Amino acid sequence: MPSPKKSRTKSSTVSSGKVQAAWGGRFKTAAAERLRDFGESVSYDWRLYPYDIAGSIAHAMMLQTIGFLTKKECQEIEKHLLAIGDLIDSEQFVFETELEDIHMNIEKELTRRTPAGAKLHTGRSRNDQVATDMRLWMKQEVERDLAAISALQLALVAWAEREPDVVIPGYTHLQRGQPVLLAHHLLAYVEMLERDKGRFADAAKRADVCPLGSGALAGTTLPLDRKLVAKLLGFSAVSENSMDAVSDRDFVVEYCAAASLLAVHLSRFSEDIILWNSSEFGFMSLGDAYTTGSSLMPQKKNPDVAELTRGKTGRVVGNLVSLLTTLKGLPMTYNRDLQEDKERLFDTADTVLACLEITAEMLTTAKSHPERCFSAAEDPLLLATDLADWLVRQGVAFRDAHHIVGTCVAKAEEIGVTLDRLPLSEMQAISPVLTEKARQVFALDQALDARDLPGAPSPKRVRAQVRKWQRKLA
Ligand code: ARG
């Protein structure tokens with residue numbers, strides 16, 4: 001699709017005394033230049049054109065079947081609409097802000113080309129037209145989103161597969177908690193992204209309802225065949241209430257809500273990447289192509305992709321709040337305020353898609369530093385819980401075991417040894433249940449292997465998860 005170039009929209013100038021074509025009958029003077037600029041939406045809603053054209057062709061075909069267009073007129077309309085679509089595709093169509101929006105721009109050009117164009121708006125309003133266009137657009141955008149999310153999931157799974165044995169500390173409160181495989185950490189995001197796909201698909205399901213035939217708000221006196229239009233456009237159903245159909249933007253909110261949570265997930269992942277790339281963590285590095293330097297500090301290699309992704313979450317969430325705020329005070333039914341939905345929606349869609357795509361690309365260059373990871377993960381303190389579990393196996397109540405191990409940790413700190421080196425005499429002074437055998441919990445490999453419940457990070461379980469996702473995403 002061509003990009004919206006400023007040069008493609010003629011800036012508005014009032015041609016003196018001339019009155020707008022679409023509602024000229026009622027008006028004696030043209031809109032003020034400032035109103036034209038204030039009210040136009042074609043500079044951003046032009047991208048609805050493939051859906052506007054598809055909607056108009058379906059509407060025309062239906063008008064023909066019910067006898068309001070001749071076969072010839074319908075063919076003319078279709079031919080010219082397709083030609084207009086080609087012109088827009090090749091960036092040769094000149095949009096006019098005087099004509100407000102994409103709907104009027106296309107209709108005006110169609111009518112210039114064929115008199116039948118003047119019949120196209122029979123039984124239709126821009127209110128049901130724009131709602132239809134937006135729903136069609138969204139259904140397709142969700143397909144793109146689902147594919148992009150799957151691609152990112154695949155990139156995460158591929159990294160997990162590239163470095164299946166790397167152990168890192170798992171954190172709570174950003175304090176080292178327990179050892180996990182890097183792969184397990186990465187697959188956590190694959191799970192989040194899977195839920196995101198569910199939410200987008202769900203939003204698309206509710207967008208899959210055709211508003212055309214609802215007219216401005218109260219349907220039409222003409223015997224339109226709404227089901228035929230819906231079928232031609234690939235909608236699963238027709239809307240059940242004309243007032244709801246033209247005023248409803250729930251589907252836009254739902255899309256933006258799904259996108260917001262997706263953005264939050266991407267932002268959290270970005271934060272991990274940023275931390276892991278710091279000298280303090282040093283767990284990984286990214287390819288030069290996906291990092292930037294500093295204009296001043298020669299040593300810098302910054303994870304800008306992750307920072308920008310984290311940063312752009314602000315606008316995605318802001319768009320959701322902006323939309324909800326726009327909707328909250330609207331009386332039924334259509335109000336011009338609703339035009340404000342588009343920039344929020346398009347910006348949201350463009351932003352999350354860009355974040356998904358570049359993050360997936362960046363991850364192909366991600367490489368862990370296994371020694372750094374290991375030296376952070378091998379801290380015996382990370383296996384303090386395992387020592388408590390060992391005591392539980394010897395019959396000690398968990399709360400008591402927790403207290404015993406806590407005392408061991410304090411003692412080890414006091415005498416300046418690591419937990420696994422606490423002398424036996426000290427251990428037994430704390431609890432006679434503790435023996436030399438207890439030290440076996442500090443073997444990291446075995447500690448990981450032992451975490452063998454469904455959903456746990458034993459290497460065997462994680463490998464099975466990697467395979468599962470590969471199959472699922474293939
Ligand atoms: N550009 C308008 C929008 O996006 C289309 C609908 C205009 N309808 C109207 N009655 N002015 O909402």
Region 319-474 - accessible surface per residue (Å², probe 1.4 Å): 54
If you take the charge dipole of region 431-474 about its Cα centre, with +1 on Lys and Arg Cβ and -1 on Asp and Glu Cβ, which of 455, 474, 435 is farthest toward its positive end? 474
For residue 62, net neighbour charge (Lys/Arg +1, Asp/Glu -1) across residues whose Cβ lies under 9 Å away: 0
Ordered by number, the GluC sites (Glu not before Pro) in region 202-310 that occupy a DSSP loop and have at most 12 other Cβ atoms within 10 Å are 240, 280
How big is the dipole moment of the chain about its Cα centre under a simple scheme where the beta carbon of each Lys and Arg is +1, that of each Asp and Glu is -1, and everything else is neutral? Debye, nearest 20, please. 1160
With both bridge residues required to lie in the chain, what share of the DSSP beta bridges run antiparallel, to the nearest 5%? 70
Net charge around residue 76, counting only other residues with Cβ within less than 13 Å of its Cβ (Lys, Arg = +1; Asp, Glu = -1)? +4
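In the neighborhood of residue 151, defined by Cβ-to-Cβ distances under 14 Å, what is the net charge if each Lys or Arg adds +1 and each Asp or Glu adds -1?
Working: positive: 144, 197, 472; negative: 143, 145, 194, 196, 357, 361.
Value of the local net charge: -3.
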Near residue 197, which lysines are there with a Cα under 18 Å away, not counting those fewer than 8 places off in the same chain? 139, 205, 468, 472
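Once the piece of chain linking residue 397 and residue 288 is laid out straight, how much longer is it, given 0.36 nm per residue of separation minus the C-alpha distance between them?
34.0 nm
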Taking the chain as the reference, fit the longest principal axis to its C-alpha atoms, fit the long axis of helix 341-363 to the helix C-alpha atoms, and give the angle between the two in degrees, 0 to 90, nearest 10. 40
The chain: C-alpha pair distances exceeding 45 Å, %: 34
Percent carbon-and-sulfur accessible area, the chain, ignoring ligands, DNA and RNA, probe 1.4 Å: 55
Give the accessible surface of region 74-178 per residue, rounded to a whole number of Å², with probe radius 1.4 Å and ligands, DNA and RNA excluded. 40
Scan around residue 215 for amide H atoms under 5 Å from its own, H built in the peptide plane at 1.01 Å from N, and keep only partners 5 or more places away or cross-chain. 125, 128
R0 = 30 Å: FRET efficiency of residue 468 with residue 369, Cβ-based, nearest 0.05? 0.60
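The values are calculated or read from the model by the stated rules, or taken from the named source; none is laboratory data. Computed from a predicted model, the values in this text were never measured in an experiment. With ideal geometry, Cβ positions are generated from the backbone for all residues, glycine too; neighbour counts draw on all protein chains shown. Each accessible area value is taken on the protein alone, full model and side chains, heavy atoms only, with ligands, DNA and RNA left out. Shrake-Rupley method; radii C 1.70, N 1.55, O 1.52, S 1.80 Å.
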